[in-house]
Structures are given as structure tokens and as C-alpha cells.
1. Under 1.5 on a/c is rounded, so check that first for the range 74-115, then, if it is not, pick prolate when a/b is larger than b/c and oblate when it is not; a ≥ b ≥ c are the square roots of the alpha carbon gyration tensor eigenvalues.
2. Looking at the range 43-110, which trypsin sites (Lys or Arg not before Pro) are in a loop (DSSP not H, G, I, E or B) and have at most 16 other Cβ atoms within 10 Å?
3. I need the shape label for the range 29-119. Rule: rounded when a/c is under 1.5, else prolate if a/b > b/c, else oblate, with a, b, c from the alpha carbon gyration tensor.
4. Among residues other than Lys78 whose Cβ falls under 15 Å from its Cβ, what is the net charge (Lys/Arg +1, Asp/Glu -1)?
5. Where in the range 44-106 are there GluC sites (Glu not before Pro) that are in a DSSP coil and have at most 12 other Cβ atoms within 10 angstrom of their Cβ?
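Just so it is clear, none of the values below were taken in a lab; they were calculated from the coordinates. Just so it is clear, the structure is predicted and the values come from calculations on it, not from any experiment. Virtual Cβ from ideal backbone geometry, glycine too; neighbours counted across all protein chains shown.
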Amino acid sequence: MIDAPVDAYATTAAAAMPPQFSYSRDGSRSKACAACRFQNQKCKKDCLLAPFFPASEDSKFQKARHLFGVSKMQKILKGLLPEQRAVGMATMIYEAEVHAAHPNTRCLDIWYESSYSYG
């Protein structure tokens, strides 16, 4: 049996729980997520990106925003079932981090390394 490396995003994405926020009277969060802070908005209860980009993880959001854009990420998440959103966003975050780490070759280096590691 081959012991393949476990992807950290895939294992934690299914169990991803939204962080606990306190809400004000108008339904907005007291501390805006990184996406709402970028857009200078109040973070609402139904913010799609808040569970994945809390205010403390701004650099992760900036990488994903640079590759996909805020509206594209929201559009992708709206097209998924609620139970699929954690895995979908984990995939986008992984892709954005690979793109940031290898801006010229992107994921081709990873594909090349993995195709020759089993042979």
C-alpha cells in the first residue's frame, strides 16, 4: 500500500467550522472578516467568505483575492451546496497559495514532482 502524503487542506476543510462572532443589533459582526474589511463593508451574518477568512488571516485572503477576485469566489461558493463550500474554498486557497509560491510555473512543478515520485 502506498503511503501518500495527506493534504492538510483536504483533511481540515470538511471539519471547518465558522469562527464564533458576536453580532450587533443590525445583524453585522463586531469584527469584520478579511473580505469585508477589504471592501470596507460591515460583515453580515450571511457573509459567504467570513468562515474561511477571519480578520486574522488577511494574507491568505489577499492571495486568494489576487488569483480569483472577491466576486468570483462568492459566485463559486453560491453554486455549491453548503456542505461542499468548505472543500471548495480549501481548494481555492490551496491553488492561490501554490500560485503565490510558484508564480511562473504555478502547479506544474507539483504535478511534475508527483508524477515521478511513484515510479
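1. Prolate is the answer for the range 74-115, as a/c is 1.5 or above and a/b outweighs b/c.
2. Filter output for the range 43-110: Lys45, Arg106.
3. Prolate shape, in that a/c is at least 1.5 and a/b is the bigger ratio.
4. Net charge in that neighbourhood comes out at +2.
5. Nothing satisfies the criteria.
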